[in-house]
Amino acid sequence: MPKAALTGRGCDIKMSNKIILTGDRPTGRLHIGHYVGSLRRRVELQNEGDYEKMYVFIADAQALTDNIDNPEKVRQNVIEVALDYLACGLDPEKVTIFIQSQIPELTELAFYFMDLVSVSRLQRNPTVKTEIQMRGFAGESIPVGFFTYPVSQAADIALFKATTVPAGEDQRPMIEQANEIVRRFNNIYGETLVESQVMLPQNAACCRLPGTDGKAKMSKSLGNCIYLSDSAKELKKKVNSMYTDPEHIHIEQPGHLEGNTVFTYLDAFATDEDFAQFLPEYKNLDELKAHYTRGGLGDGTCKKFLYNVLNARLEPIRTRREELQKDIPAIYEMLRKGCEDARKVARQTMEEVRKAMKIDYFNDAELIKEQANRYK
Ligand code: TRP
């Protein structure tokens, strides 16, 4: 029977067998870097409906790998992230939203995956390398759990047989490593798990949105984030203090775009409609950039425009979040249901994995007979 008939969607509707999965560590509220890097795309994907299943999860177990002494922080941020998801428009009717730690099968699969990857391969993972540096872990003090989190992340992806992982550029090495593990698993134990593809943001500026200070990445510890839940007032303050071109002191001077955070953000957010609405003197961003580099355009004008653009995006998110905050128990209930749903799939895959790995002792009548026969 065609899949469309099985799902009752009507045969003329093409159903893709894409399984989309992605997650976030709950170490802080989500910011606009998350939004352009992944959240915005997730909501589009959800609404396009071109998938068999879509999962978005809160990676609390991964967050604990470098916050082991700060469980309260992780606990608090689980709800913050859930609120941010729903405020951005993720719909639990269409997407299974769950919490990583509530799926014990993930830990189980990760444990077997540990045998399929070498220490030196993990040491070469560029994302882990950078993160070790950023956290100031010296060689001896790197927690094993943190060092091996790419293996656990491979389990996150493989357990749900995800084919498509929408994420930022920094997650590419994770997906590559996950695929290597899956390939090895299938080679040794037979085709069981599937490889996935990272789905990067379409716009280059969105891949790595810098912090408001122009530093490499938005990060809570650097205090350079614009949060989805920031008030209009906070937003204005942050935009006004943004890093631009330090050599652009007088308006008449030509300004530089390279490394100019205001323009990087405009690249990520501003549309021609925004110009029509907030800055009709210019048709589009190219015209604004041309004026800026020619000289005669002040940072203040650009910042005011950026504020308007960002606020237009964040306003509806903010309003929805305020609504959602009024019923926190409903958010936990939504998460509980999501975990239940995810676990059903997790159990199913683990059965297949155990069978493939020949550790399904009690489900295998043949095995019991065979062993009994040996001793006859
Ligand atoms: N590593 C991701 C982050 O830091 C979170 C994450 C955990 C994830 N498991 C995943 C993302 C699986 C995509 C797929 O944000």
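Quick notes on this one:
- Residue match in the range 131-142 (condition: buried (at least 19 other Cβ atoms within 10 Å of the Cβ) and near the ligand (Cβ under 8 Å from one of its atoms)): no
- Residue ranges of helices (runs of 4 or more DSSP H) in the range 261-376 with at least 1 members within 30 Å of residue 78 (Cα to Cα): 261-269, 299-324, 328-356
- Exclusive hit being within 29 Å of residue 104 (Cβ to Cβ), surrounded by 16 or more Cβ atoms within 10 Å (Cβ to Cβ) and among the acidic types (Asp, Glu), set 341, 299: 341
- Condition broken by residue 105, with the remaining ones in (1) under 30 Å from residue 221 (Cβ atoms); (2) within 16 Å of the ligand (Cβ to nearest atom) satisfied: (1)
- Options 191, 252, 258, 180; residue that is modelled with pLDDT of 90 or more, away from the ligand (no atom under 14 Å from the Cβ), outside any helix (DSSP H, G or I) and under 30 Å from residue 110 (Cβ atoms): 191
- Unmet requirement for residue 215, which otherwise passes all of (1) surrounded by fewer than 20 Cβ atoms within 10 Å (Cβ to Cβ); (2) closer than 20 Å to residue 225 by Cα; (3) within 14 Å of the ligand (Cβ to nearest atom): (3)
- Among residues of the range 43-66, those that are among the charged types (D, E, K, R) and within 11 Å of the ligand (Cβ to nearest atom), counted: 2
- Among the conditions (1) within 14 Å of the ligand (Cβ to nearest atom); (2) within 19 Å of the chain's Cα centre (by Cα), residue 82 misses just one, which is (1).
- Considering residues of the range 149-166 that are surrounded by 23 or more Cβ atoms within 10 Å (Cβ to Cβ) and in a loop (DSSP other than H, G, I, E, B) only, the residue nearest to the ligand (Cβ to nearest atom): 162
The values are calculated or read from the model by the stated rules, or taken from the named source; none is laboratory data. These figures come from a predicted structure and were not determined experimentally. Positions of Cβ are backbone-derived with ideal geometry, glycine not excepted, and every protein chain shown enters the neighbour counts.
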